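Here's the structure, in C-alpha cells; my notes come after.
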C-alpha cells in the first residue's frame, strides 16, 4: 500500500473549494473529526458533530461557510461538505487497482470481445459473445455469461455472477457475490405440482448502478428486468423478475421487491422493507426500515408499517390485544351508542 | 443465439392443444399479449388481461375454451393456458446449453464418478468420491464437495456450492450462489462463550427441487435436513439445520425457516415470511408476505401477521398506541363495567 | 469416509466425564436419543426429551447427574451434557480435512506469505501481501484480497471472499459464500444523484468468530468495522459499515445491523431481527425473531416487536383497526371523560 500525499492547495482546487489556510499543508489521509491526526483532512456534514470541531487535530476540515469561523485549523469551504468528502475519499482508496489484461488463469471464450484496457482477474470466466468495454474491471472469480455487455469503466468486484444476456451500463459497480440474471421464480401449477417457466427476458442496468454484496436480481420472464441510471442497491437485496426501478432510487440492505412491481425514481427504501408484486410506487417514496407495502403508493412521502421494539413483557400483553383489536373497536362503538345514544 | 422457428401445428400437437387456425404459421418467440409481435405466441391466463386480447398482434394465443371466440388470431385451446405457456417457454430459452465433458480448467478428483453425458464447467471443482449423474450440468465455478451425489438431469447454474455428502435427486435446478450443506448454527454455551457443534448430518433434496440464487440450506446436526420432491425455493432463503419441507411446497424470496421445524406439503409462503424453530406446520398452509409464525399451525389455510404501510405521520400515532393497547383494553373493560353495571 | 471407532473409556476421560458402565464399549457415532443405534452415544440436554431415555438403544448417554439413574445403559456424567456433546461431535465430523499445501490450480501472489502448514484449495486466489497463518484452511474457490491477515487455525470453507486489508483472528470459521469487506453503502447526494464514497476502513474479526453462509460484513467508511471475540453470526446476515459487535454475541440468520451501530457483548438476536443505524445496544440484550429496534437499548433484557401469525380472516379485521388505533384511543378517552365526569 503506497503512501499517498497531496498538497492542500491542490485538493482545494480539485474540489472547487475556497481554502482558508496554508496551501502547502501536506495531506496523507481522511478521518472523522474525532479521530483525525495531523496530516489528515476531516469534514463536518452533520451539525450534531460541530461540538468536535474545536478539539480536532485534523490539518484541515471541509465545512460549510456558516461554521468556518469555529474551525481552529485550515478550512476548505464547500456548500455540500459531505459531497466534498465523497469526492476526496477516492484519492485515498487503498483498494488495489488491477492492471489491464487477462490473467493467465482466466477462461475467456474466443468469441468474447474484451477491450485492451479492461482487466480480467484470476479464475474469472468470460463466456461466448460477451463484450467487455474499455477500462472495465472483472474481478477474480467472476463469471460473465454468454452475450453479456458491460459498459466502460464498470467495476465488478471478485466473484460476481452475470448470467447470459445481461446488460450493464457505464461506471456500474457490482459487489462480490451479487448474482444478476438468475432465473425469475415462475411456475405453473398442474394438480399440485409446479412446472418451471423458462425465463426469457434479460436484466438491463443503466449507468452508474451500484449492486451490493450477495444481492440478487432476477431476469425477466418475457420482458426485461430494468434498473435505472444511478440506482444504488445495498447488500442482500432481492429484485424479482420484471421489476423496474426508476433513476436514482436507493435501497438499503435486505430490501425485497416482488415480481413485476414498478418503483419510481428518487425513492429511498430503508433496510429490510418489502414491496409486494404487481404494484406501482410513485417517485420520491421513502419507506422506513422493515416496512411492508401491499398496495400501490401514488404520492411521494414517507411510509411505515409495523411496530418497534418494546420490553418483551410489555410487548406480549399488547401483542395479545392486537388479536382482539376488532372486538375492542366493536365494544367501543357499543359503549358510545349507549352513552351518546 | 440461434434463431428458433417452429410450425404452429407442431406446437399444438406437442402441447396437446386444439388448434383453431393455420398450422403452417411460423412461430419464433413468446411474448405477452400486449408486447407480442407477428411470429410470436402469447397466452391469456389471468382473466384481467382479457382486455388486451382483441388488439394483440400475436400470431397465436394460448387460451382456455371459454374465451376462444374473443381472439382475433390463431388460438391454441388448453384448459390450463398458463401450463401451456410454461411448457412452450423452454422451446425459446436462450440460455446456452453446455456440451458434455469436463472443461480443461475444472479440477475433478480422480475418485469422483462423472457420467460421460454430464458437463463440468470452467473453474469448477469436484471433490473426492462425488457422483455426477447422466446429463447433469455443473456450471462454471461450482464446487461439489466430497461424496456428493447429483441425480440425473440436474442443472447447477454457475457458482453453486455443495458441501460434502449432499444428495440431490433428479432434475433439480440450483441457481447461482446457492450454498447447500453449510454448517448448521449450533453452539453449546459454557460460561458465556460459545462452543461450536460439528454438524454431522447431510442435506437431502428430492427430485425436481428448485433452489434460488444465494439461498442457503444448512446440513443437519445429527439427522439430515430434508427437502421434499418438487419443492421450489426462491432467492435468499434460509433453511436451517434439520428442517424438513414436504413435497411441492413453494417459498418466495427471503423466507427463513429456523431449526428443526417441519413444514407440510403444498404450502406456499410469501416473501420474507419466517417460521420459528421446532414447530410443525400443516399441509397447504399459505403465509402472506412478512408473516412471522411462532407456534404450530395445525390447519390448512391462509395466515398473516404484522401491518402494512401507512403514511409515516398516521403510522407514528398508531404505533405509539400499540404500546398502550393492553392498558386501553383494561380501560375499556372498566368502562363497560360502569355502564353495564 | 473412514469409519471411526473409540473406546468409551477414552471418550469419558477426554470429556472429563464420570463413566458409569463399561469402558471397553466401542463407540462409532453420535445420535439423538430417539435415533441412536447400538455403538452410538446420545445425550440428554433438554429435560423435555427425558421421556426418550428409557427406550434408547444408544450404547451410552451423556447426562447430568440428576437423571443418571433413569438411564438404562452406560452413562457419561457431566454438569453440562450439551457441552459434552458439542466437544464429542468433532470426533465424528465427516468433513474432509485438507492437506497442507497450495493446490496446483490456486493462484497465489508471489508476495503473499503462506504458512507451510496452511492449506490453499483448488481454484483459490491469494492476492499480494496477504498473510496466511499456521494450519489455516482456505477452501476451494476462496478469494483472499491484498494484505489480508488470517490468524492461525482459521478455516474458510469453499468460496469465501475477503476483500483487501481484512483481519481475521485465530480459529475463525467462515462459511461458504460469505463476503467480508465489501464496500459500505455510503453516498453523498448532489441534486438528486448519488456519489459513491470510497470505503477506506477495514473489517477486523477477533478470535473464534463464526460467519455464516452468504453473510455480508461491510468495511468501514473511515474507521473499521469490528467483530469481537467469540461472536457467532448465522447465514444471510448483513453487518453494515462501522458496526461494532461485542464479544460472544450471537445472531441468528437474516439479522441486519445498520451502519455505525454498536452492539454490546453476550447479546442474542433472533432470526430476521434488525437494528437501525447509529444506535447503542447494551450487553446481554436478547431480541426475539423479526424484532425491529429503532432506538438505543440501555438495559439487558428481552425485547420484541411486531405481531405473530393469525388466520388471515381474523388478521385482516385487526390490521384494519390498527390504522384506527389513535382514533380509538381518543374516543376511549372521550367516553371516560363523559362517564367519570
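Every number here is computed from the coordinates shown, using simple stated rules; none is lab data. Keep in mind the model is a prediction, meaning the values are calculated, not measured. Every residue, glycine among them, receives a Cβ derived from its backbone with ideal geometry; neighbour counts consider all protein chains shown.
A few comments on the model shown:
- Across region C:101-303, the relative contact order, built from alpha-carbon pairs under 8 Å that are at least six residues apart, equals 10 percent.
- Kirkwood hydrodynamic radius of region A:135-292, from the reciprocal of the average inverse Cα-Cα distance over all distinct pairs: 15.3 Å.
- For B:207-219, mean number of other protein chain Cβ atoms within 10 Å: 6
- Extension gain (nm, one decimal) between residue A:280 and residue A:314, 0.36 nm per residue minus Cα-Cα: 8.5 nm
- Considering region C:36-149 at the alpha-carbon level, its Rg and Dmax are found to be 22.0, 62 Å.
- As a rough guide to protection, the peptides C:192-204, C:149-161 ranked by mean Cβ packing within 10 Å, highest first, stand as C:149-161, C:192-204.
- Each Cα pair under 8 Å and six or more residues apart adds its sequence gap; the mean of these over the residue count of chain A is a relative contact order of 6 percent.
- When each of the peptides B:300-312, A:124-136, A:5-17 is scored by the mean number of other C-beta atoms lying within 10 Å of its residues, the order from highest to lowest reads A:124-136, B:300-312, A:5-17.
- The listed peptides B:66-75, A:39-48, ordered by packing as a protection proxy, come out as A:39-48, B:66-75 (highest mean of other Cβ atoms within 10 Å first).
- Counting, for every residue in A:231-244, the Cβ atoms of other protein chains within 10 Å of its Cβ and taking the mean gives 5.
- Remark: label point of residue B:134 defined 7 Å out from Cα along the Cα-Cβ vector; separations to the same position in other copies 5.3, 5.3 nm, ascending.
- Test item: C:132-140 mean partner chain Cβ contacts at 10 Å: 2
- Label point 7 Å beyond Cα along the C-beta direction, distances from residue A:20 to other copies (nm, shortest first): 8.2, 8.2
- Mean residue ellipticity, 222 nm, helices only, chain A: the sum of -39500 (n - 2.57) across DSSP H runs of n ≥ 4, divided by residue count and rounded to 500, is -4000 deg cm²/dmol.
- Inter-copy label distances at residue A:192, shortest first and taken from points set 7 Å along Cα to Cβ: 5.4, 5.4 nm.
- Contact order relative to length of region C:13-139, as percent, for alpha carbon pairs under 8 angstrom and 6 or more apart: 17 percent
- Each of C:286, C:164 was scored by other Cβ atoms within 10 Å of its Cβ. Listed from fewest to most, they are C:286, C:164.
- D (Stokes-Einstein, µm²/s), Kirkwood Cα radius, region B:41-98, 1.567 mPa s at 4 °C: 109 µm²/s
- Rounded, prolate or oblate (a/c below 1.5 giving rounded, otherwise prolate when a/b exceeds b/c) for chain B by Cα gyration tensor: oblate
- Three-way shape label, the protein assembly as shown, alpha-carbon gyration tensor, a/c 1.5: rounded
- Label-point separation in nm, residue C:327 to residue C:13, each point 7 Å along Cα→Cβ: 7.8 nm
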